[in-house]
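Everything below concerns the one structure shown next.
The values are calculated or read from the model by the stated rules, or taken from the named source; none is laboratory data. These numbers were taken from a predicted model, which means no experiment stands behind them. All Cβ positions, even for glycine, are placed from backbone atoms using ideal geometry, and neighbour counts span all protein chains on display. Ligands, DNA and RNA are excluded from the accessible area calculation, which covers all protein heavy atoms including side chains. Shrake-Rupley method; radii C 1.70, N 1.55, O 1.52, S 1.80 Å.
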Amino acid sequence: MKQILRIGILAAAISQIAPVQAAVSEWNSTTAYETAGTVVSYQGQLYSNKWWTKNDSPSLSGQWGVWGLVSGTVNTPVPTSAATVKPSAVPTLAPTAAPIITSAPTANNCSAAAWNSSTAYTTGQSVSFNGRNYKAQWWTQGNIPANNVGVGLPWIDLGACAAAATPAITVKPTPTPTIKPSSTPTAAPTTKPTATPVPTAAPTLKPTATPVPTAAPTVKPTATPVPTATPTVKPTATPVPTAVPTQKPTATPAPTLAPTATPAANSIVPPRALTLDQPGDIGTLRAAQLRSFNHSPFQSTGYWVQPGDTLVVNYVYSGVAPNKQPEIWLHSIDDNTWNYDSDQKIKLNVGSNTIVSNVKGAVYVAAFNTPTGGELKVEILSGGRVMPRFVLGKHTPANWQAMLATYGDAPYGELVGNRIMLTATMEKVKKHVDDPVVLMTLWDQIVGLANEQYGLKAGNASPHIPTPHRFHYVELPPYDGWMYSWQYRMASASADGAISPVLNSKTLKTGGWGPWHELGHQYQMSTFTWTDQTEVTVNLTSAYVQRALGQPSRYEVEGTWTKTFAYLKQGTRDFATQSDLFVRATMFWQLDLTFGSDFYAKLGTNYRNLAAAQRPSGDDAEKQMFIVETSRVAGYDLTPFFNAWGIPATAATQTKLSSMALKTLTDPIWLNRDSNVAYKLY
């Protein structure tokens, strides 16, 4: 499913309503730009960073790099006739209350229909807004044209138009990210569901029809609704403290850590005292691995709250003080915003912190600090309601059933493995989870396979290591699509066909292409996912997992290879015009079949080792580097293979390949398929 995929990109959440100032600092290689959305000028252009960066030249960043192009000319003031969002290649955070953006009346009697925030526009449609015409580059809804022009953004500015005054337009921005059709992630992942539309009866959750590269996303985003009332679970026996100021700071130094009595290891009541994992900054490793999404910052507590509930949380540390305070996040699983903007987030001060909940949601702790070598300890002294939470290695299937029987009126259930965490509504948890030990062991295996495929192994030098953060797969109750992958999570609709392969071990193993696909979006490498390949290269992970689990190849079962060979027999071939996503995916898969299952592990390592200045920027550069780097890994000049597929090598690429002392490819490896790898070159 599309990353939505959300991958492709998007600028959906809105955090600042102010025009870009004319005075912008010149980029400096020695400056650390810590805040996403910082605008700098470089060689006559404006750039905005998507995450922390230092010494990454804006001009060399590329589509998925840290810098995104904002404007072609330095100090280009933004018209003040309408409130505008500070340009940023990555979605900015929306305030807790979504702002209302109102345009002032303008001279604007343009030929195109006036833009409407509730209208969904598809590729090529034109609108007028504040005296200018704009054209949609892909499906978009709720994105203000004036604020969403540029690289990776949905609108093209066609220029000014004239005449009679029009009334002011008031727009309430949607809290969910907009959807970009399957295209290469640029600034930061796009939105919405995925290349795996509603499955048919086929066991592999295949789409009703072979997905065609979407000019529009499978589903339009929906605004996150207010959580509905849920039966209250009987609070824990701990008395609720009297009201005191929320998050009252304390000036006392970190107290000495004292042992805290906790329930037995397999108790169905979650312990209230936690020693936090310290996985480090959430974006640093992800950026170094050339991925699109930050993994989940959440450390599960097994407690939830209703609006008005009071939590008293004690925090202490030993050793060196962390450079960032740990945080409590009160999170509703129906939060569909980029950065979980609807969550209530509280930084913890040393000592006692009193928190009054504004939301209904699960209680998580997040640690973003650089590892200290000491311990960070958090204890929920009072408040919080228990929800069923299974932890692999600590609980048994019988424990899980006891949790459901005792706390089954909680809104959510949660299962925690070593590499991934699953959270879903109580209805779906009770309906689909079979054996929680088998399920979470299988999920850990699947994540391990994805790490293996891309050469990420414990003990390797960074960044060639597995992420220390868990993945998080959630049910998104209001979602009317199927599945998607995005910042902090993979998400599934509540439809049984979508959520079952996430929560049921048997379905996950035999028909889990959709969930495997969404995990693939979390691993996708920007350096060889050029435009329109987002929904293509993602399937490398699905195919790799499917084979490792002993399942028949989707490409064989669904007749994809027949279509592939029909394409390869055509007199002229142009890979860019091949509309079948799965036919395109078989080209990438043939390299694995021909040169071994560690092919992409070697390739991924090579790409991660490239200095930022050496990474390809733009589609043509990415294609040519892919020819060079795959040839380097294979030990063969692969130009015959890519010519067969309709991706010709340039003269410069041919010159480079000729200097690499590669073997000549004489076998027609483009005829390999899962059921008949006639040409193995490893």
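Report yes if Gln551 is more than 19 Å from Val583 (Cα to Cα), polar (S, T, N, Q) and open to solvent by 10 Å² or more (accessible area, probe 1.4 Å), otherwise no.
On the way: more than 19 Å from Val583 (Cα to Cα): yes; polar (S, T, N, Q): yes; open to solvent by 10 Å² or more (accessible area, probe 1.4 Å): yes.
Considered against the rule, which asks whether it is more than 19 Å from Val583 (Cα to Cα), polar (S, T, N, Q) and open to solvent by 10 Å² or more (accessible area, probe 1.4 Å), Gln551 comes out as yes.
Take the residues in the range 321-337 that are polar (S, T, N, Q) and open to solvent by less than 10 Å² (accessible area, probe 1.4 Å); name whichever of them is farthest from Thr423 (Cα to Cα).
Quick first cut of the range 321-337, residues polar (S, T, N, Q) only: 323, 325, 332, 336-337.
When the remaining residues are screened for being open to solvent by less than 10 Å² (accessible area, probe 1.4 Å), the result is 336-337.
Numbers: Asn336: 14, Thr337: 17 Å.
Once the filter is applied, the top-ranked residue is Thr337.
Under the condition of being among the β-branched types (Val, Ile, Thr) and within 21 Å of Gln306 (Cβ to Cβ), which residue from the range 338-364 is surrounded by the most Cβ atoms within 10 Å (Cβ to Cβ)?
Val363
Among residues belonging to the range 272-291 that are touching a strand residue (DSSP E or B) at 6+ places or on another chain (Cβ under 8 Å) and in a loop (DSSP other than H, G, I, E, B), point out the one that is surrounded by the most Cβ atoms within 10 Å (Cβ to Cβ).
Taking the candidates together, the pick is Arg272.
List every residue pair whose Cβ atoms lie under 8 Å apart, where the two residues are 6 or more positions apart in sequence or sit on different chains, the first residue falls within the range 446-467 and is touching a residue at least 60 places away in the same chain (Cβ under 8 Å) and on the phi > 0 side of the Ramachandran plot, and the second residue, located anywhere, is assigned to a loop (DSSP other than H, G, I, E, B) and crowded, with 18+ Cβ neighbours inside 10 Å.
Partner pairs satisfying both residue conditions: Gly455/His464.
Can Trp561 be described as hydrophobic (A, V, I, L, M, F, W, C), touching a residue at least 40 places away in the same chain (Cβ under 8 Å) and either closer than 29 Å to Pro616 by Cβ or outside any helix (DSSP H, G or I) (or both)? It would help to see each step written out before you state the result.
Details: hydrophobic (A, V, I, L, M, F, W, C): yes; touching a residue at least 40 places away in the same chain (Cβ under 8 Å): yes; either closer than 29 Å to Pro616 by Cβ or outside any helix (DSSP H, G or I) (or both): no.
So Trp561 does not fit the description; no.
Name every residue in the range 292-317 that is in a strand (DSSP E or B), farther than 30 Å from Met525 by Cα and of a type outside the set (Val, Ile, Thr), in order of residue number. Spell out the reasoning first.
Residues of the range 292-317 in a strand (DSSP E or B): 298-305, 310-317.
This time we only want the ones that are farther than 30 Å from Met525 by Cα, so: 301-305, 310-317.
Within the range 292-317, Gly302, Tyr303, Trp304, Leu311, Asn314, Tyr315, Tyr317 qualify.
Restricting to the range 634-682, give me the number of residues that are of a type in the set (Gly, Ala, Ser) and assigned to a helix (DSSP H, G or I).
Narrowing the range 634-682 to residues of a type in the set (Gly, Ala, Ser): 634-635, 644, 646, 649, 651-652, 658-659, 661, 675, 678.
So of that shortlist, the ones also assigned to a helix (DSSP H, G or I) come out as 634, 644, 651-652, 658.
Total satisfying the criteria: 5.
Hey, among Ala613, Ala649, Ala634, which residue is open to solvent by 50 Å² or more (accessible area, probe 1.4 Å) and either in contact with a helix residue (DSSP H, G or I) (Cβ under 7 Å, 6 or more places away or on another chain) or free of Cβ contacts under 8 Å to residues at least 12 places away in the same chain (or both)? Write out each step before concluding.
Numbers: Ala649 fails: open to solvent by 50 Å² or more (accessible area, probe 1.4 Å); Ala634 fails: open to solvent by 50 Å² or more (accessible area, probe 1.4 Å).
None of the other options fit; the residue is Ala613.
Confirm whether Arg573 is assigned to a helix (DSSP H, G or I) and of a type in the set (Lys, Arg).
On the way: assigned to a helix (DSSP H, G or I): no; of a type in the set (Lys, Arg): yes.
Spelling it out, it is not the case that Arg573 is assigned to a helix (DSSP H, G or I) and of a type in the set (Lys, Arg).
Inside the range 384-407, can you point out the residues that are aliphatic (A, V, I, L, M) and either out of contact with any Phe, Trp or Tyr (no Cβ under 6 Å at 6 or more places or on another chain) or over 22 Å from Asn418 (Cβ atoms) (or both)?
To start, the set of residues in the range 384-407 that are aliphatic (A, V, I, L, M) comprises 386-387, 391-392, 398, 402-405.
Val386, Val391, Leu392, Ala398, Ala402, Met403, Leu404, Ala405 - these are the residues of the range 384-407 that are aliphatic (A, V, I, L, M) and either out of contact with any Phe, Trp or Tyr (no Cβ under 6 Å at 6 or more places or on another chain) or over 22 Å from Asn418 (Cβ atoms) (or both).
Take the range 482-530 and flag every residue that is in contact with a strand residue (DSSP E or B) (Cβ under 7 Å, 6 or more places away or on another chain), open to solvent by 10 Å² or more (accessible area, probe 1.4 Å) and either at pLDDT below 95 or more than 21 Å from Ala362 (Cα to Cα) (or both).
Passing the criteria: only Gly497.
Which residue out of Lys656, Lys680, Lys623, Lys663 is crowded, with 20+ Cβ neighbours inside 10 Å and over 23 Å from Ala450 (Cβ atoms)? If you could, list the steps in order and put the result at the bottom.
Working: Lys656 fails: crowded, with 20+ Cβ neighbours inside 10 Å; Lys680 fails: crowded, with 20+ Cβ neighbours inside 10 Å; Lys663 fails: crowded, with 20+ Cβ neighbours inside 10 Å.
Checking each option against the conditions leaves just Lys623.
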